[in-house]
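The values are calculated or read from the model by the stated rules, or taken from the named source; none is laboratory data. Everything numeric here is computed off the predicted structure, so don't read it as measured data. Ideal geometry is used to build each Cβ from the backbone, glycine not excepted, and the neighbour counts take in all protein chains shown. The accessibility values were calculated without ligands, DNA or RNA, using every heavy atom of the protein model including side chains. Shrake-Rupley method; radii C 1.70, N 1.55, O 1.52, S 1.80 Å.
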2 protein chains.
Amino acid sequence: MDIPSGDTARKRISESTIHRLSRYFRTLSLLEKENFETVSSKELAKREKLTPAQVRKDLSFFGSFGTRGLGYPVAELKAKVSRILGIDRIWRVALVGVGNIGSAMVSYKEFIKQGFHIVKLFDNDQRKIGSNHKGIIVSDIKNLRTELQDDRIEMVIVAVPATVAQYIVDDIVKAEVKAILNFAPINLKVPSGVHVRNENMVMELEYLSFAMVNHHSPKGGGKA
Amino acid sequence: MDIPSGDTARKRISESTIHRLSRYFRTLSLLEKENFETVSSKELAKREKLTPAQVRKDLSFFGSFGTRGLGYPVAELKAKVSRILGIDRIWRVALVGVGNIGSAMVSYKEFIKQGFHIVKLFDNDQRKIGSNHKGIIVSDIKNLRTELQDDRIEMVIVAVPATVAQYIVDDIVKAEVKAILNFAPINLKVPSGVHVRNENMVMELEYLSFAMVNHHSPKGGGKA
DNA sequence: TGCTAATTGTGAAGCATTTCACATGAGTAT
DNA sequence: ATACTCATGTGAAATGCTTCACAATTAGCA
């Protein structure tokens, strides 16, 4: 399905393509540091263990960014990709559940580096409410909906036990937040228009387990 | 490509299928708790937001586990799936890098629940070496290779900065460990036969970012 | 025992993604 | 200028994954 929009008609872009764009972005940042002016699809592909055609096709969904005979201008392509991914800006993020994983996320530098700023924390534990984590005071989860709205939060990271995740997500949805990163091992129900990504580390270990007991050689060498 | 092996010829199984098996396993555990004797592909599909055909096809790669007209026996199918995934046993796991994320992983209950036992910790920080995390003494990373071998470690979780990840992985490979879960945002180089899965939380936020700025409706409602 | 309803297992069809292959355009050197 | 090289952008082919559709099989019941 094409999604007609604003000024251009957009094709449906596959999840794989979007993930590869993230990887291109990372590699382009590196190439920039290494003072490359331009990069060919061949070089980019080599670094990502992909085919050059794949790289070119991915980029071609969004425009023509290269020069025939030369390749792609690194700095410019990086800017374009960051624009496409919507990471040429700051996102206001809240985190619910200041437990093991939650605490780790608050201190996770890669988030801030990429413009994802965790600016609010929530928990239901009285001992945690009011405490200070990296300069942020933990709020009472009772006020989740109102505070998300008042603080114009755009994304929420959910790091609570599976048993309560759905209730919390219902509140998040009520607060009109449209993007959720979920660490609870559960299939969340959200209305259409709300985006959910699940981060499930157990599933990745299970994949490794499967690969080992089956002497499995995944095509392309596995998830990169 | 078919992979002929031991006594049966195995088809290449897609990454998606394996991930769905993980999800089936989770749901089957739930169904078992809810005292279901049998479950149909329709019910399973409903809970996972898939099509019944998808469920049946996934399972059919590994055998015929159902009864026509009835469905699948829950307990039995759960056992079969756990067997397929190789999680009908205990895996000995080590963790390198007892920082933010590493610490969270040590305390992460879902790992133990699924048979992934973290039994060794490594770090290069003198202040951490010798300290006790959940009953495990942190070892010096200098001894990584020998201790991995001596303790018959089968999987390693890498939670170190990107700058040193490759060196550590080289050591892990030398210790003949064949499975690595990598949290560093870098494309690791490993010889064939070594399985790597990358866990990249920034990429998931970037996907959400893309979805938001593009009013993107991913097919199937996004990653589940 | 025979009929009905339910649900699996699976080839084949339908889609989606990746790769191929080549025309096209840009830079370079003589 | 012209020729040569390099590398993009893109239809078309190839491959892979999902869904369809239906024969086959089982349970339940009269």
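Remark: spin-label model distance B:D150-A:Q149 equals 6.1 nm, labels positioned 7 Å along the Cα→Cβ axis.
Dipole magnitude for chain B: computed about the Cα centre from +1 point charges on Lys and Arg Cβ and -1 point charges on Asp and Glu Cβ, it is near 660 debye. Of all residues in chain A, the one whose Cβ lies closest to the rotation axis carrying A onto B, together with that distance in whole Å, is A:A104, 2.
Heavy-atom accessible area per residue, region B:3-85, 1.4 Å probe: how many Å²?
58 Å²
With a threshold of 20 Å on the Cα-Cα distance, the over-threshold entries among A:K174/B:K33; A:K142/A:K174; A:K46/A:K78; B:K57/B:K80; A:K142/B:K113 are A:K174/B:K33; A:K142/B:K113. If I take R0 = 60 Å and measure r between the Cβ atoms of A:I112 and B:R68 in this structure, what FRET efficiency does the formula 1/(1 + (r/R0)^6) give, to the nearest 0.05? Result of the calculation: an efficiency of 0.60.
Per residue of A:89-97, other chain Cβ atoms within 10 Å of the residue Cβ number 1 on average. Protein heavy-atom accessible surface, 1.4 Å probe, per residue over region A:91-203: 43 Å². A simple rule links phi to the HN-Hα coupling: the Karplus curve 6.51 cos²θ - 1.76 cosθ + 1.60 with θ = phi - 60°, which for region B:35-42 gives 6, 6, 7, 10, 9, 8, 4, 5 Hz, with x for Gly and Pro. Going by the alpha-carbon gyration tensor, a ≥ b ≥ c the square roots of its eigenvalues, is the protein assembly as shown rounded (a/c under 1.5) or, if a/c is not under 1.5, prolate (a/b greater than b/c) versus oblate? Judged from the Cα gyration tensor, the protein assembly as shown comes out rounded (a/c under 1.5).
Neighbours of B:A94, meaning other residues whose beta-carbon lies under 10 angstrom from its beta-carbon, give a summed charge of -1 when Lys and Arg score +1 and Asp and Glu score -1. When chains A and B come together, the accessible area they lose, probed at 1.4 Å and totalled over both chains, is close to 7200 Å².
What average number of partner chain Cβ atoms lie no more than 10 Å from the Cβ of the residues making up A:103-116? Intermediate values should be presented prior to the final figure.
On the way: counts 4, 12, 4, 1, 5, 7, 2, 10, 3, 0, 2, 6, 4, 6.
Counting Cβ atoms of other protein chains within 10 Å of each residue's Cβ and averaging gives 5.
With a 1.4 Å probe and every protein chain kept in, tell me what percent of the accessible surface of region B:91-203 is carbon plus sulfur. Carbon and sulfur: 50 percent of the exposed surface of region B:91-203.
About its Cα centre, how strong a charge dipole does region A:3-85 have in debye, to the nearest 20, once Lys and Arg get +1 and Asp and Glu get -1 at the Cβ? Please list the in-between numbers first.
Numbers: 17 positive and 9 negative charges, 57 e Å.
So the dipole magnitude of region A:3-85 works out to roughly 280 debye.
Amide H contacts of A:T38 (H built 1.01 Å from N, in plane; Pro and chain starts excluded): A:V74 sit under 5 Å, all sequence-distant by 5 or more or on other chains. Once a ≥ b ≥ c are taken as the square roots of the eigenvalues of the Cα gyration tensor of region A:1-133, is the result rounded (a/c under 1.5), prolate (a/b larger than b/c) or oblate (a/b not larger than b/c)? Note, shape of region A:1-133 comes out prolate. In region A:91-203, Cα pairs under 8 Å separated by at least six residues give a relative contact order of 24 percent. About its Cα centre, the dipole of region B:52-151 is roughly 400 debye, where the only charges are +1 on Lys and Arg Cβ and -1 on Asp and Glu Cβ. With a cut-off of 16 Å on the backbone N, the residues of region A:15-40 near the modelled label site 7 Å out from A:K57 along Cα-Cβ are A:15-21. Distances from B:N214 to itself in the other copies, using label points 7 Å out along the Cα-Cβ axis, amount to 2.9 nm in increasing order.
Under a 5 Å amide H cut-off, with hydrogens placed 1.01 Å from N, A:H133 pairs with A:V138 among residues at least 5 apart or on other chains. In terms of its C-alpha gyration tensor, region B:69-224 comes out oblate, because a/c is 1.5 or above while a/b does not outweigh b/c.
Computed on chain B, with alpha-carbon pairs under 8 angstrom and 6+ residues apart, the relative contact order is 13 percent.
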